[in-house]
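A.B. asks: Here you go, one structure.
The values are calculated or read from the model by the stated rules, or taken from the named source; none is laboratory data. Remember, predicted model here, so these are calculated numbers, not experimental data. Using ideal geometry, Cβ is built from the backbone for each residue, glycine included, and neighbour counts are taken over all protein chains shown.
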Amino acid sequence: MRIVHLSDIHVWRLTWNPLRLLNKRPVGMFDLLSGRARKFRLERLEEVVDRVRQLAPDHVLITGDLTTTALPSEFLAARKALNPLLTDPDRATVIPGNHDRYTTGAVRYKKFEGAFGAFAPDGPYPWLRAIDRDTSILGLDPTRSHLSARGYLPPQQLERAKALVADEKTRPKRLIVACHYPVDAPEAYVRELAKKRMVNAASVRPWLATLGPHLYCCGHVHAAWAFHPVGIPEELCLNSGAPLLRDPTGQHLPGFLEIDLNGPDVRVIHHAWSGPEWITVPMVDSPNFFRALTPSSK
Ligand SMILES: [Fe+2]
Ligand SMILES: [Fe+2]
């Protein structure tokens with residue numbers, strides 16, 4: 001099974017409708033006008049989608065922040081641009097990021113669900129979704145409409161997530177936790193995450209440490225990484241970075257991840273746009289990572 005993991009596309013649209021400025025959006029609009037969203041090169045989106053399509057993955061996983069201020073026009077544009085990857089709801093999973101819940105109105109009127117709800121199970125988070133015989137995605141949603149970018153996983157959601165995968169015997173052989181917010185970051189990004197962290201990550205980490213080998217697919221910090229968090233050594237935490245990011249530093253190369261699950265083996269490749277061209281950077285080669293599977297399983 002090959003999965004393409006995308007995140008933090010951040011489609012943005014400027015709006016001058018004063019009715020849209022009655023709530024939190026002025027903060028977002030200020031960000032936009034001060035150049036923040038211009039860091040995301042919308043003109044590159046079609047090429048990113050083409051590249052993913054050419055890879056013909058079995059499944060596409062998008063871990064949130066498809067929009068910037070959760071405007072209806074942003075959701076429409078994101079959905080339209082991503083349509084070539086979203087032809088079959090069985091072969092795509094999309095979860096929200098904090099920017100997709102930017103305003104109380106976007107939450108109340110379920111704007112994210114209206115655009116992308118077909119690509120996740122019905123009902124509240126968390127959920128467990130089988131994508132093949134051995135592989136399931138556990139979806140978590142710590143996003144909230146809040147002035148800060150910090151997330152919070154409601155305790156009830158955490159308890160239900162624990163129950164979904166409590167039984168080691170029935171737990172999926174290849175478990176992928178999908179959550180917009182990382183609960184830890186590699187050293188180089190710890191400070192960046194601290195400013196916009198999941199505030200109760202300390203309650204989530206001990207549970208993750210009990211799950212055995214699993215992938216944790218996230219975004220939020222706009223940098224691609226693959227690492228084993230301290231205290232959760234059996235977790236492979238994958239951040240796909242932001243595919244449209246303009247990156248003058250070379251430290252946050254824009255792109256996405258290709259995750260190859262072959263029996264118990266995991267390989268991860270970062271497809272990154274270096275400026276003049278696409279490059280592929282091997283990030284993980286971990287034979288026998290999912291030890292519950294034998295090498296003959298595909
Ligand atoms: Fe983001
Ligand atoms: Fe985010």
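A.B. asks: Determine the pairs where a residue that is more than 16 Å from ligand 1 (Cβ to nearest atom), located within segment 58-75, has a partner that is modelled with pLDDT under 95 and not in a strand (DSSP E or B) with Cβ atoms under 6 Å apart, the partner being 6 or more residues away or on another chain.
C.D. replies: Partner pairs satisfying both residue conditions: Ser73/Arg13.
A.B. asks: Continuing with the same structure: Hey, can you tell me all the residues within segment 203-258 that are of a type in the set (Ser, Thr, Tyr), in contact with a helix residue (DSSP H, G or I) (Cβ under 9 Å, 6 or more places away or on another chain) and closer than 26 Å to Thr67 by Cβ?
C.D. replies: Listed by number, the list holds a single entry, Tyr216.
A.B. asks: Further question on the same structure: With the requirement that a residue be modelled with pLDDT under 95 and in a helix (DSSP H, G or I), what does segment 45-73 give you?
C.D. replies: Scanning segment 45-73 gives Pro72, Ser73.
A.B. asks: Here's something else I'd like to know. If the Cβ limit is 6 Å and pairs must be 6+ apart or interchain, which residue in segment 118-131 that is more than 24 Å from Lys173 (Cβ to Cβ) pairs with which residue that is loosely packed, with under 14 Cβ neighbours inside 10 Å?
C.D. replies: Ala118/Pro89
A.B. asks: Hey, another quick one. Based on what the data block shows, is Leu76 assigned to a helix (DSSP H, G or I) and either more than 29 Å from Ala201 (Cα to Cα) or more than 16 Å from ligand 2 (Cβ to nearest atom) (or both)?
C.D. replies: yes
A.B. asks: Residues of segment 132-166 being charged (D, E, K, R), part of a loop (DSSP other than H, G, I, E, B) and either surrounded by fewer than 16 Cβ atoms within 10 Å (Cβ to Cβ) or without any contact (Cβ under 8 Å) to a residue 24 or more places away in the chain (or both), which ones?
C.D. replies: Those that are charged (D, E, K, R), part of a loop (DSSP other than H, G, I, E, B) and either surrounded by fewer than 16 Cβ atoms within 10 Å (Cβ to Cβ) or without any contact (Cβ under 8 Å) to a residue 24 or more places away in the chain (or both): Asp132, Arg133, Arg144.
A.B. asks: With respect to Thr103, is the statement that it is of a type in the set (S, T, N, Q) and modelled with pLDDT of 95 or more true?
C.D. replies: It is false that Thr103 is of a type in the set (S, T, N, Q) and modelled with pLDDT of 95 or more.
A.B. asks: So which residues in segment 232-261 are touching a residue at least 40 places away in the same chain (Cβ under 8 Å) and out of contact with any strand residue (DSSP E or B) (no Cβ under 9 Å at 6 or more places or on another chain)?
C.D. replies: If the condition is that a residue be touching a residue at least 40 places away in the same chain (Cβ under 8 Å) and out of contact with any strand residue (DSSP E or B) (no Cβ under 9 Å at 6 or more places or on another chain), then Gln251 is the only one that fits.
A.B. asks: Continuing with this model, one more query. Say we look at segment 166-222 and pick out the residues that are within 18 Å of Leu140 (Cα to Cα) and of a type in the set (Ser, Thr, Tyr); which of these is nearest to ligand 1 (Cβ to nearest atom)?
C.D. replies: For segment 166-222, the residue satisfying everything is Tyr181.
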